[in-house]
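Scroll down for the structure; my scribbles are underneath it.
The values are calculated or read from the model by the stated rules, or taken from the named source; none is laboratory data. No experiment lies behind these values; they were computed from the predicted model shown. Here Cβ is always computed from backbone atoms with ideal geometry, including for glycine, and neighbour counts include all displayed protein chains.
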């Protein structure tokens, strides 16, 4: 897969905006690859992207890439690509669809013992996108 497939070239991080705030000319045709399923194709804008290829100044040989999109219809898509440079391992692609940015970001949680946790990369993506993943107490 092309490294930029499914990503709006030149688009940068911005706050999550309501569909009515996004100019019609900002929407681009997007294609997001998914393993074992049909690829997703939609009109939308790239809100933010993040990866963990570099950690503590060192380049990894396995990493995750996430991209958050807002669709023309007002929904959200979170694309995830696991990349590997290891011989014999394959990169993988998946995506989640939801009505809110928080709902699709929640799909990236994983189990750590008996608790669901967010990968640090998702927390960084949410911050770039202006999505509050805080647990709010009364």
For this session: Kindly indicate whether residue 7 is part of a loop (DSSP other than H, G, I, E, B), more than 15 Å from the chain's Cα centre (by Cα) and either modelled with pLDDT under 95 or within 21 Å of residue 81 (Cα to Cα) (or both).
Result: no
Exercise. Here are some conditions: (1) under 22 Å from residue 109 (Cα atoms); (2) without any contact (Cβ under 8 Å) to a residue 40 or more places away in the chain. Residue 44 meets all but one. Which one does it not meet?
Worked result: (1)
